[in-house]
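Here is the structure we will look at, set down as C-alpha coordinates.
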Amino acid sequence: MLPTVTSLAKSRLITLLFWALLYFFSGCISHQLNGPVRGSGYIWLPAGVVVAAFMLRPVRQWPLVSVVFLVAQLALSGAEHGNLFTAFLFAIDEIGAAALAVWLVQRVRFSLEGLYFLRSVILSGALAGMLGALGGGLWYALVKDEPFWDVWWVWAASDFVGVMLVTPVLASWSRFRAHRSGDHERFDIVLGIASFALLAVLAMLIFAGDNAEQFGIGVGFALTYIPLFLTVVVTVLLGGRTGSLSVLMLAVIVILQTAQGDGVFAMLDEHRGRSLLEAQLYLAVASLLVLTVSTLKTTRERMHHRVAILQNNMELALASAGQLAYVLDPATGRIEWSGDVQQVFGQGTDAAMLASVPQVLERLHPDDRAVLRDCWSAAAVDEVCKVLPLRIVQPDGGSRRVLDRSAPLLDSNVDVAVVAGVWQVERACADTGA
(Lines give C-alpha, C1' and ligand atoms only; values in the text may rest on other atoms or scores of the structure.)
Protein backbone atom coordinates (compact mmCIF):
# COMPACT_ATOMS: atom_id res chain seq x y z
CA MET A 1 0.00 0.00 0.00
CA LEU A 2 2.80 2.40 0.94
CA PRO A 3 4.68 2.09 -2.39
CA THR A 4 1.45 2.86 -4.22
CA VAL A 5 0.88 6.06 -2.22
CA THR A 6 4.51 7.10 -2.70
CA SER A 7 4.40 6.56 -6.45
CA LEU A 8 1.14 8.53 -6.66
CA ALA A 9 2.70 11.42 -4.74
CA LYS A 10 5.71 11.39 -7.05
CA SER A 11 3.45 11.38 -10.11
CA ARG A 12 1.52 14.41 -8.81
CA LEU A 13 4.76 16.21 -7.98
CA ILE A 14 6.09 15.63 -11.49
CA THR A 15 2.80 16.85 -12.96
CA LEU A 16 2.90 20.04 -10.91
CA LEU A 17 6.52 20.62 -11.86
CA PHE A 18 5.58 20.18 -15.51
CA TRP A 19 2.86 22.83 -15.29
CA ALA A 20 5.19 25.22 -13.46
CA LEU A 21 7.96 24.87 -16.03
CA LEU A 22 5.50 25.20 -18.89
CA TYR A 23 4.10 28.39 -17.39
CA PHE A 24 7.58 29.80 -16.70
CA PHE A 25 9.05 29.19 -20.13
CA SER A 26 5.93 30.27 -22.02
CA GLY A 27 6.01 33.46 -19.95
CA CYS A 28 9.68 34.03 -20.84
CA ILE A 29 8.90 33.61 -24.52
CA SER A 30 5.96 36.01 -24.28
CA HIS A 31 8.05 38.69 -22.57
CA GLN A 32 10.83 38.35 -25.12
CA LEU A 33 8.41 38.69 -28.02
CA ASN A 34 6.49 41.58 -26.48
CA GLY A 35 9.55 43.67 -25.79
CA PRO A 36 9.12 46.88 -23.79
CA VAL A 37 5.44 47.87 -23.56
CA ARG A 38 3.64 50.66 -21.75
CA GLY A 39 0.49 48.77 -20.89
CA SER A 40 -0.62 45.22 -21.52
CA GLY A 41 1.57 42.91 -23.57
CA TYR A 42 0.30 41.72 -26.92
CA ILE A 43 1.35 38.08 -26.40
CA TRP A 44 0.63 36.01 -23.28
CA LEU A 45 0.98 32.28 -23.86
CA PRO A 46 0.70 31.26 -20.16
CA ALA A 47 -3.04 31.99 -20.41
CA GLY A 48 -3.36 28.84 -22.52
CA VAL A 49 -1.31 26.85 -20.02
CA VAL A 50 -3.52 27.92 -17.12
CA VAL A 51 -6.79 27.17 -18.93
CA ALA A 52 -5.48 23.78 -20.09
CA ALA A 53 -4.44 22.87 -16.54
CA PHE A 54 -7.87 23.68 -15.13
CA MET A 55 -9.53 21.73 -17.95
CA LEU A 56 -7.37 18.66 -17.49
CA ARG A 57 -7.11 18.52 -13.68
CA PRO A 58 -10.02 17.74 -11.31
CA VAL A 59 -11.48 20.66 -9.36
CA ARG A 60 -10.09 19.38 -6.05
CA GLN A 61 -6.55 19.92 -7.39
CA TRP A 62 -7.17 23.47 -8.61
CA PRO A 63 -5.97 25.20 -5.40
CA LEU A 64 -2.62 23.40 -5.53
CA VAL A 65 -2.26 24.05 -9.28
CA SER A 66 -3.06 27.73 -8.69
CA VAL A 67 -0.34 27.98 -6.03
CA VAL A 68 2.14 26.40 -8.46
CA PHE A 69 1.26 28.94 -11.16
CA LEU A 70 1.54 31.78 -8.67
CA VAL A 71 5.03 30.63 -7.64
CA ALA A 72 6.01 30.28 -11.31
CA GLN A 73 4.84 33.84 -12.03
CA LEU A 74 6.81 35.22 -9.06
CA ALA A 75 9.88 33.28 -10.21
CA LEU A 76 9.44 34.69 -13.70
CA SER A 77 9.21 38.25 -12.39
CA GLY A 78 12.17 37.70 -10.09
CA ALA A 79 14.32 36.37 -12.92
CA GLU A 80 13.49 39.43 -15.01
CA HIS A 81 13.85 41.85 -12.05
CA GLY A 82 10.21 42.85 -12.20
CA ASN A 83 7.91 44.20 -9.51
CA LEU A 84 6.92 41.20 -7.41
CA PHE A 85 3.87 42.88 -5.89
CA THR A 86 2.48 43.79 -9.32
CA ALA A 87 3.28 40.29 -10.60
CA PHE A 88 1.46 38.82 -7.61
CA LEU A 89 -1.67 40.88 -8.30
CA PHE A 90 -1.64 40.12 -12.02
CA ALA A 91 -1.14 36.39 -11.35
CA ILE A 92 -4.09 36.31 -8.94
CA ASP A 93 -6.18 38.13 -11.53
CA GLU A 94 -5.21 35.83 -14.41
CA ILE A 95 -5.41 32.56 -12.49
CA GLY A 96 -8.69 33.48 -10.84
CA ALA A 97 -10.24 34.57 -14.15
CA ALA A 98 -9.16 31.32 -15.85
CA ALA A 99 -10.49 29.18 -13.00
CA LEU A 100 -13.82 31.01 -12.99
CA ALA A 101 -14.12 30.75 -16.78
CA VAL A 102 -13.44 27.00 -16.86
CA TRP A 103 -15.78 26.44 -13.91
CA LEU A 104 -18.60 28.30 -15.66
CA VAL A 105 -18.04 26.34 -18.87
CA GLN A 106 -18.04 23.06 -16.98
CA ARG A 107 -21.40 23.93 -15.47
CA VAL A 108 -22.86 23.87 -18.98
CA ARG A 109 -21.10 20.76 -20.20
CA PHE A 110 -17.43 19.96 -20.57
CA SER A 111 -15.81 17.26 -22.63
CA LEU A 112 -12.50 16.68 -24.37
CA GLU A 113 -14.33 15.09 -27.28
CA GLY A 114 -16.26 16.38 -30.25
CA LEU A 115 -17.97 19.71 -30.62
CA TYR A 116 -18.19 20.12 -26.84
CA PHE A 117 -14.41 20.45 -26.68
CA LEU A 118 -14.40 23.09 -29.43
CA ARG A 119 -17.11 25.04 -27.63
CA SER A 120 -15.35 24.67 -24.27
CA VAL A 121 -12.04 26.02 -25.55
CA ILE A 122 -13.63 29.01 -27.27
CA LEU A 123 -15.84 29.93 -24.33
CA SER A 124 -13.10 29.40 -21.76
CA GLY A 125 -10.64 31.50 -23.73
CA ALA A 126 -13.12 34.32 -24.28
CA LEU A 127 -14.34 34.39 -20.67
CA ALA A 128 -10.85 34.11 -19.18
CA GLY A 129 -9.59 36.91 -21.43
CA MET A 130 -12.47 39.27 -20.72
CA LEU A 131 -12.56 38.62 -16.97
CA GLY A 132 -8.81 38.87 -16.56
CA ALA A 133 -8.70 42.04 -18.63
CA LEU A 134 -11.11 43.73 -16.21
CA GLY A 135 -8.59 43.58 -13.38
CA GLY A 136 -5.67 44.52 -15.60
CA GLY A 137 -7.53 47.40 -17.21
CA LEU A 138 -8.60 48.80 -13.83
CA TRP A 139 -5.04 48.56 -12.48
CA TYR A 140 -3.52 50.46 -15.39
CA ALA A 141 -6.34 53.01 -15.37
CA LEU A 142 -6.05 53.74 -11.63
CA VAL A 143 -2.32 53.38 -11.07
CA LYS A 144 -0.72 54.35 -14.39
CA ASP A 145 -3.49 56.52 -15.85
CA GLU A 146 -3.80 54.41 -19.00
CA PRO A 147 -7.13 54.34 -20.92
CA PHE A 148 -9.14 51.42 -19.56
CA TRP A 149 -10.59 50.20 -22.86
CA ASP A 150 -7.25 50.41 -24.70
CA VAL A 151 -5.69 48.12 -22.12
CA TRP A 152 -8.77 45.92 -21.76
CA TRP A 153 -9.17 44.86 -25.37
CA VAL A 154 -5.45 44.21 -25.91
CA TRP A 155 -5.29 42.19 -22.69
CA ALA A 156 -8.42 40.18 -23.56
CA ALA A 157 -7.25 39.52 -27.12
CA SER A 158 -3.77 38.38 -26.05
CA ASP A 159 -5.20 36.00 -23.45
CA PHE A 160 -7.78 34.61 -25.90
CA VAL A 161 -5.15 33.95 -28.57
CA GLY A 162 -2.85 32.40 -25.97
CA VAL A 163 -5.62 29.97 -25.04
CA MET A 164 -6.40 29.16 -28.67
CA LEU A 165 -2.74 28.42 -29.45
CA VAL A 166 -1.65 26.47 -26.38
CA THR A 167 -4.72 24.79 -24.85
CA PRO A 168 -5.66 22.61 -27.87
CA VAL A 169 -2.09 21.28 -28.07
CA LEU A 170 -1.96 20.33 -24.40
CA ALA A 171 -5.51 18.93 -24.35
CA SER A 172 -5.07 16.83 -27.49
CA TRP A 173 -1.73 15.37 -26.46
CA SER A 174 -2.94 14.65 -22.94
CA ARG A 175 -5.29 12.11 -24.56
CA PHE A 176 -2.46 10.58 -26.61
CA ARG A 177 -2.41 6.82 -26.99
CA ALA A 178 0.04 5.00 -29.18
CA HIS A 179 -1.57 3.67 -32.33
CA ARG A 180 -0.46 0.90 -34.60
CA SER A 181 1.06 1.92 -37.90
CA GLY A 182 -1.88 0.37 -39.70
CA ASP A 183 -4.29 2.94 -38.27
CA HIS A 184 -3.44 5.32 -41.13
CA GLU A 185 -2.77 4.59 -44.75
CA ARG A 186 0.91 4.92 -45.56
CA PHE A 187 0.18 7.28 -48.43
CA ASP A 188 -1.71 9.58 -46.06
CA ILE A 189 1.16 9.52 -43.58
CA VAL A 190 3.75 10.37 -46.23
CA LEU A 191 1.56 13.08 -47.73
CA GLY A 192 0.83 14.50 -44.27
CA ILE A 193 4.52 14.65 -43.34
CA ALA A 194 5.29 16.32 -46.67
CA SER A 195 2.51 18.86 -46.03
CA PHE A 196 3.90 19.56 -42.56
CA ALA A 197 7.37 20.19 -43.97
CA LEU A 198 5.95 22.30 -46.80
CA LEU A 199 4.04 24.36 -44.25
CA ALA A 200 7.27 25.16 -42.38
CA VAL A 201 9.12 26.14 -45.57
CA LEU A 202 6.33 28.25 -47.04
CA ALA A 203 5.65 29.98 -43.72
CA MET A 204 9.29 31.01 -43.52
CA LEU A 205 9.21 32.29 -47.10
CA ILE A 206 5.86 34.07 -46.90
CA PHE A 207 6.52 35.83 -43.61
CA ALA A 208 10.13 36.76 -44.37
CA GLY A 209 10.67 40.49 -44.66
CA ASP A 210 12.42 40.59 -48.04
CA ASN A 211 9.84 38.37 -49.73
CA ALA A 212 6.94 40.38 -48.36
CA GLU A 213 8.42 43.59 -49.73
CA GLN A 214 9.17 41.92 -53.07
CA PHE A 215 5.64 40.59 -53.52
CA GLY A 216 3.96 43.74 -52.24
CA ILE A 217 1.42 44.06 -49.45
CA GLY A 218 -1.55 42.83 -51.49
CA VAL A 219 0.08 39.67 -52.82
CA GLY A 220 1.92 39.08 -49.56
CA PHE A 221 -1.33 39.23 -47.59
CA ALA A 222 -3.05 36.88 -50.06
CA LEU A 223 -0.22 34.35 -49.68
CA THR A 224 -0.95 34.06 -45.95
CA TYR A 225 -3.95 31.89 -46.82
CA ILE A 226 -1.66 29.10 -48.08
CA PRO A 227 -0.42 28.13 -44.59
CA LEU A 228 -4.05 28.02 -43.40
CA PHE A 229 -4.85 25.51 -46.14
CA LEU A 230 -1.82 23.39 -45.28
CA THR A 231 -2.75 23.23 -41.58
CA VAL A 232 -6.12 21.83 -42.61
CA VAL A 233 -4.43 19.29 -44.91
CA VAL A 234 -2.14 18.16 -42.08
CA THR A 235 -5.14 17.82 -39.75
CA VAL A 236 -7.13 15.75 -42.23
CA LEU A 237 -4.22 13.45 -43.05
CA LEU A 238 -2.50 13.07 -39.67
CA GLY A 239 -5.19 13.92 -37.13
CA GLY A 240 -5.95 16.65 -34.64
CA ARG A 241 -2.82 16.27 -32.52
CA THR A 242 -0.47 16.85 -35.44
CA GLY A 243 -2.80 19.58 -36.70
CA SER A 244 -2.49 21.44 -33.39
CA LEU A 245 1.29 21.08 -33.60
CA SER A 246 1.24 22.54 -37.12
CA VAL A 247 -0.62 25.60 -35.81
CA LEU A 248 1.88 25.94 -32.98
CA MET A 249 4.77 25.75 -35.43
CA LEU A 250 3.09 28.33 -37.66
CA ALA A 251 2.59 30.55 -34.61
CA VAL A 252 6.26 30.39 -33.68
CA ILE A 253 7.33 31.34 -37.20
CA VAL A 254 4.77 34.13 -37.64
CA ILE A 255 5.33 35.70 -34.22
CA LEU A 256 9.12 35.55 -34.47
CA GLN A 257 9.15 37.09 -37.93
CA THR A 258 6.64 39.78 -36.98
CA ALA A 259 8.49 40.61 -33.75
CA GLN A 260 11.62 41.19 -35.87
CA GLY A 261 9.71 43.61 -38.10
CA ASP A 262 9.43 41.17 -41.01
CA GLY A 263 6.42 39.83 -42.83
CA VAL A 264 3.19 41.22 -44.13
CA PHE A 265 1.78 42.11 -40.70
CA ALA A 266 4.77 44.29 -39.91
CA MET A 267 4.35 45.99 -43.27
CA LEU A 268 0.67 46.66 -42.65
CA ASP A 269 1.35 48.41 -39.35
CA GLU A 270 4.63 49.99 -38.31
CA HIS A 271 3.60 49.83 -34.64
CA ARG A 272 5.23 46.65 -33.36
CA GLY A 273 2.61 45.82 -30.77
CA ARG A 274 -0.31 46.23 -33.12
CA SER A 275 1.37 44.11 -35.79
CA LEU A 276 1.93 41.36 -33.20
CA LEU A 277 -1.72 41.54 -32.23
CA GLU A 278 -2.79 41.29 -35.87
CA ALA A 279 -0.52 38.29 -36.33
CA GLN A 280 -2.08 36.65 -33.28
CA LEU A 281 -5.59 37.19 -34.59
CA TYR A 282 -4.48 35.50 -37.82
CA LEU A 283 -3.17 32.59 -35.76
CA ALA A 284 -6.39 32.45 -33.75
CA VAL A 285 -8.29 31.95 -37.01
CA ALA A 286 -5.86 29.17 -37.95
CA SER A 287 -6.38 27.50 -34.58
CA LEU A 288 -10.17 27.73 -34.84
CA LEU A 289 -10.05 26.32 -38.36
CA VAL A 290 -7.92 23.34 -37.33
CA LEU A 291 -10.01 22.77 -34.20
CA THR A 292 -13.21 22.70 -36.25
CA VAL A 293 -11.82 20.34 -38.89
CA SER A 294 -10.29 18.08 -36.25
CA THR A 295 -13.54 17.99 -34.29
CA LEU A 296 -15.65 17.11 -37.30
CA LYS A 297 -13.13 14.51 -38.46
CA THR A 298 -12.88 12.92 -35.02
CA THR A 299 -16.65 12.90 -34.55
CA ARG A 300 -17.15 11.19 -37.89
CA GLU A 301 -14.44 8.62 -37.22
CA ARG A 302 -15.90 7.81 -33.81
CA MET A 303 -19.36 7.45 -35.29
CA HIS A 304 -18.09 5.01 -37.93
CA HIS A 305 -16.15 3.14 -35.26
CA ARG A 306 -19.26 2.73 -33.09
CA VAL A 307 -21.30 1.59 -36.08
CA ALA A 308 -18.61 -0.96 -36.94
CA ILE A 309 -18.63 -2.27 -33.37
CA LEU A 310 -22.41 -2.58 -33.35
CA GLN A 311 -22.38 -4.35 -36.69
CA ASN A 312 -19.67 -6.73 -35.54
CA ASN A 313 -21.58 -7.52 -32.34
CA MET A 314 -24.71 -8.22 -34.35
CA GLU A 315 -22.80 -10.50 -36.72
CA LEU A 316 -21.37 -12.46 -33.78
CA ALA A 317 -24.74 -12.74 -32.06
CA LEU A 318 -26.47 -13.97 -35.20
CA ALA A 319 -23.69 -16.45 -35.96
CA SER A 320 -23.72 -17.88 -32.42
CA ALA A 321 -27.52 -18.28 -32.60
CA GLY A 322 -27.37 -19.95 -36.01
CA GLN A 323 -29.32 -17.12 -37.61
CA LEU A 324 -29.01 -15.02 -40.74
CA ALA A 325 -30.93 -11.73 -40.99
CA TYR A 326 -31.89 -9.99 -44.21
CA VAL A 327 -33.60 -6.82 -45.43
CA LEU A 328 -35.36 -6.90 -48.80
CA ASP A 329 -36.23 -3.82 -50.82
CA PRO A 330 -39.42 -4.88 -52.65
CA ALA A 331 -39.10 -2.08 -55.20
CA THR A 332 -35.64 -3.08 -56.46
CA GLY A 333 -35.39 -6.68 -55.29
CA ARG A 334 -32.07 -5.96 -53.56
CA ILE A 335 -31.22 -7.87 -50.38
CA GLU A 336 -28.77 -6.97 -47.59
CA TRP A 337 -27.60 -9.74 -45.27
CA SER A 338 -26.34 -9.65 -41.68
CA GLY A 339 -24.68 -12.63 -40.09
CA ASP A 340 -22.51 -15.50 -41.25
CA VAL A 341 -23.64 -16.17 -44.81
CA GLN A 342 -21.34 -19.17 -45.15
CA GLN A 343 -22.99 -20.84 -42.15
CA VAL A 344 -26.23 -21.08 -44.14
CA PHE A 345 -25.17 -21.16 -47.80
CA GLY A 346 -21.87 -23.01 -47.43
CA GLN A 347 -18.18 -22.21 -47.77
CA GLY A 348 -17.07 -19.78 -50.45
CA THR A 349 -20.30 -17.77 -50.37
CA ASP A 350 -20.42 -14.06 -49.59
CA ALA A 351 -23.19 -11.46 -49.35
CA ALA A 352 -22.37 -10.01 -52.79
CA MET A 353 -23.36 -13.35 -54.38
CA LEU A 354 -26.81 -13.13 -52.74
CA ALA A 355 -27.68 -9.48 -53.31
CA SER A 356 -30.87 -10.04 -55.33
CA VAL A 357 -33.96 -12.22 -55.17
CA PRO A 358 -33.07 -14.34 -58.26
CA GLN A 359 -29.62 -15.08 -56.83
CA VAL A 360 -31.14 -16.28 -53.56
CA LEU A 361 -33.80 -18.39 -55.29
CA GLU A 362 -31.11 -20.15 -57.31
CA ARG A 363 -29.58 -21.43 -54.06
CA LEU A 364 -32.89 -22.92 -52.83
CA HIS A 365 -34.25 -26.38 -53.47
CA PRO A 366 -36.42 -26.21 -56.64
CA ASP A 367 -39.53 -27.19 -54.69
CA ASP A 368 -39.10 -24.24 -52.26
CA ARG A 369 -38.46 -21.43 -54.74
CA ALA A 370 -42.07 -20.69 -55.58
CA VAL A 371 -43.09 -20.73 -51.90
CA LEU A 372 -40.47 -18.16 -50.92
CA ARG A 373 -41.20 -15.99 -53.96
CA ASP A 374 -44.88 -15.95 -53.09
CA CYS A 375 -44.15 -15.19 -49.46
CA TRP A 376 -41.97 -12.20 -50.28
CA SER A 377 -44.55 -10.99 -52.79
CA ALA A 378 -47.30 -11.32 -50.18
CA ALA A 379 -45.19 -9.50 -47.61
CA ALA A 380 -44.65 -6.72 -50.14
CA VAL A 381 -48.39 -6.09 -50.15
CA ASP A 382 -48.55 -5.98 -46.37
CA GLU A 383 -49.35 -9.62 -45.58
CA VAL A 384 -47.40 -11.43 -42.89
CA CYS A 385 -46.16 -14.88 -43.88
CA LYS A 386 -46.09 -17.88 -41.61
CA VAL A 387 -42.87 -19.59 -40.67
CA LEU A 388 -41.58 -21.27 -43.82
CA PRO A 389 -39.28 -24.30 -43.83
CA LEU A 390 -36.73 -23.96 -46.63
CA ARG A 391 -33.90 -26.09 -47.97
CA ILE A 392 -30.63 -24.42 -49.02
CA VAL A 393 -28.60 -26.29 -51.62
CA GLN A 394 -24.97 -26.53 -50.51
CA PRO A 395 -21.95 -26.37 -52.86
CA ASP A 396 -21.21 -30.07 -52.19
CA GLY A 397 -24.70 -31.03 -53.37
CA GLY A 398 -26.25 -31.52 -49.94
CA SER A 399 -28.93 -29.31 -48.37
CA ARG A 400 -29.42 -27.36 -45.15
CA ARG A 401 -32.83 -26.74 -43.63
CA VAL A 402 -33.71 -23.27 -42.35
CA LEU A 403 -36.87 -21.59 -41.04
CA ASP A 404 -37.79 -18.27 -42.62
CA ARG A 405 -39.57 -15.65 -40.50
CA SER A 406 -40.30 -12.35 -42.28
CA ALA A 407 -42.58 -9.34 -41.97
CA PRO A 408 -43.05 -6.05 -43.83
CA LEU A 409 -41.96 -2.70 -42.33
CA LEU A 410 -44.13 0.30 -43.24
CA ASP A 411 -43.10 3.91 -43.76
CA SER A 412 -44.99 7.06 -42.72
CA ASN A 413 -47.31 6.70 -45.72
CA VAL A 414 -48.30 3.18 -44.62
CA ASP A 415 -46.50 1.76 -47.65
CA VAL A 416 -44.14 -1.20 -47.46
CA ALA A 417 -40.63 0.19 -47.14
CA VAL A 418 -38.69 -3.03 -46.65
CA VAL A 419 -39.26 -6.66 -45.81
CA ALA A 420 -37.16 -7.83 -42.87
CA GLY A 421 -36.65 -11.44 -41.91
CA VAL A 422 -34.47 -14.04 -40.21
CA TRP A 423 -33.38 -17.48 -41.33
CA GLN A 424 -32.86 -19.89 -38.47
CA VAL A 425 -30.77 -23.00 -39.06
CA GLU A 426 -32.85 -25.93 -37.82
CA ARG A 427 -29.86 -27.81 -36.47
CA ALA A 428 -29.02 -24.91 -34.16
CA CYS A 429 -32.64 -24.86 -32.94
CA ALA A 430 -32.52 -28.59 -32.18
CA ASP A 431 -29.26 -28.23 -30.30
CA THR A 432 -30.57 -25.47 -28.08
CA GLY A 433 -34.07 -26.95 -27.67
CA ALA A 434 -32.95 -30.27 -26.23
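Just a few scattered comments:
- Residues satisfying the stated conditions in region 54-74, i.e. among the aromatic types (Phe, Trp, Tyr) and within 17 Å of Val166 (Cβ to Cβ): Phe54, Phe69
- Candidates Leu230, Leu237, Leu245, filtered to the one that is closer than 15 Å to Leu202 by Cα and either assigned to a helix (DSSP H, G or I) or charged (D, E, K, R) (or both): Leu230
- Only listed residue being modelled with pLDDT of 80 or more, aliphatic (A, V, I, L, M) and more than 22 Å from Ala284 (Cβ to Cβ), chosen from Val154, Val143: Val143
- The residues in region 327-374 that are within 16 Å of Arg400 (Cβ to Cβ) and either in a loop (DSSP other than H, G, I, E, B) or touching a residue at least 60 places away in the same chain (Cβ under 8 Å) (or both) can be counted, and the count is 9.
- Test result for Gly39, on the phi > 0 side of the Ramachandran plot and modelled with pLDDT under 70: no
- Any hit, region 78-85, residues being without any contact (Cβ under 8 Å) to a residue 60 or more places away in the chain, assigned to a helix (DSSP H, G or I) and among the polar types (S, T, N, Q): no
The values are calculated or read from the model by the stated rules, or taken from the named source; none is laboratory data. Given the structure is predicted, the values throughout are model-derived calculations rather than measurements. A quick note on method: Cβ atoms are made from the backbone with ideal geometry, for glycine too, and the neighbour counts reach across all protein chains shown.
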